[in-house]
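Shown next, in structure tokens, is the structure this report addresses.
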Ligand code: NAP
């Protein structure tokens, strides 16, 4: 029998991901805390639930894409949470970016209730979520990953089982170091061009063809040059990810100097009231200094 799917968290990422699963023809139940965001799913034929518990009761595989570690905790183990409704043998697939340590704890607690878990954070942004071309970094057991693979294939193109529980979140933390430090580098480069009286647009165009070329230079560079900071990826969420990176590194007694510096600049973005803007708004902070 076809697996019944659930999706919890219909934000910038979750909404297009859930739509892709529904449009691929899978039976889908969804929940979002703010009900108005469920309208496109209702129109696409998904069942709208009133709690994570209801989603879990109606589903074999439950996808989650919410903001932060405490939010996943609440969605899983709150009074109306997934654990209160899920059947034995069901799978929770957490696609949020959260702490690797907490992920391992969540997986162990769910296992005691007979529920499997995968951590499966993503990279590729809203555009990748809409196109179904995300990079998906999976942590968990191979047989569970194999069961979920046909659904991952509707969400992403590059699907890698990185290791056991938490390994997907460690990969995502690594991803966020590269993105954050590159955003900072692109911002500094474009600022140098601006202050030198040279066209940033032309510099970006020239750099795109060489080793400095990257998705960040392409997408975030463009946002900086056009002063267009509509998210994208909210600065406050990127700062949340830097917290995950730095906590993980601290536990390993690993200093990450470049990551630490970019995090300070992200703090400035948030302090100046721009936390809801795209994280490329770091360029605004660099310009001020
Ligand atoms: P978003 O647009 O801010 O959406 C957050 C979603 O989480 C909303 O549906 C929100 O519900 C829900 N939520 C938050 N706290 C909750 C709680 N306590 N209980 C129930 N629902 C809760 O964020 P997003 O950009 O989609 O990001 C979602 C996750 O994906 C984050 O972990 C983020 O780091 C990660 N991510 C984002 C991107 C990106 O480019 N945007 C890329 C890769 C990974 P409401 O609608 O009620 O607020």
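Computed from the coordinates by the stated procedures, all read-outs in this text should not be read as laboratory data. In this text, all values refer to a predicted model and were calculated from it rather than measured experimentally. Using ideal geometry, Cβ is built from the backbone for each residue, glycine included, and neighbour counts are taken over all protein chains shown.
Would you check which residues across the stretch 121-139 are more than 9 Å from the chain's Cα centre (by Cα) and outside any strand (DSSP E or B) and list them? Full working, then the answer.
Step one: of the stretch 121-139, the residues more than 9 Å from the chain's Cα centre (by Cα) are 126-139.
Passing the criteria: 126, 127, 128, 129, 130, 131, 132, 133.
I'd like the full set of residues that are outside any helix (DSSP H, G or I) and surrounded by fewer than 20 Cβ atoms within 10 Å (Cβ to Cβ), limited to the stretch 12-45.
So in the stretch 12-45, the residues outside any helix (DSSP H, G or I) come out as 12-13, 24-34, 44-45.
Passing the criteria: 12, 24, 25, 26, 27, 33, 34, 44, 45.
Filter the stretch 266-286 down to the residues that are assigned to a loop (DSSP other than H, G, I, E, B) and within 20 Å of the chain's Cα centre (by Cα) and list them by number. So that I can check it myself, show each step before the final result.
To start, the set of residues in the stretch 266-286 that are assigned to a loop (DSSP other than H, G, I, E, B) comprises 272-277.
Result: 274, 275, 276, 277.
Of all the residues that make up the stretch 52-65, how many are touching a strand residue (DSSP E or B) at 6+ places or on another chain (Cβ under 7 Å), near the ligand (Cβ under 10 Å from one of its atoms) and outside any helix (DSSP H, G or I)?
1
Would you say residue 73 is touching a strand residue (DSSP E or B) at 6+ places or on another chain (Cβ under 7 Å) and over 22 Å from residue 156 (Cβ atoms)? Don't jump to the end; show me each part of the working.
Numbers: touching a strand residue (DSSP E or B) at 6+ places or on another chain (Cβ under 7 Å): no; over 22 Å from residue 156 (Cβ atoms): yes.
Spelling it out, it is not the case that residue 73 is touching a strand residue (DSSP E or B) at 6+ places or on another chain (Cβ under 7 Å) and over 22 Å from residue 156 (Cβ atoms).
Restricting attention to the stretch 1-11, which residues are within 22 Å of the chain's Cα centre (by Cα) and either away from the ligand (no atom under 14 Å from the Cβ) or part of a strand (DSSP E or B) (or both)? Before you say what the answer is, go through the steps one by one.
Of the residues in the stretch 1-11, the ones within 22 Å of the chain's Cα centre (by Cα) are 5-11.
Across the stretch 1-11, the qualifying residues are 5, 6, 7, 8.
Can you confirm whether the stretch 121-141 contains a residue that is within 24 Å of residue 2 (Cα to Cα) and away from the ligand (no atom under 16 Å from the Cβ)?
yes
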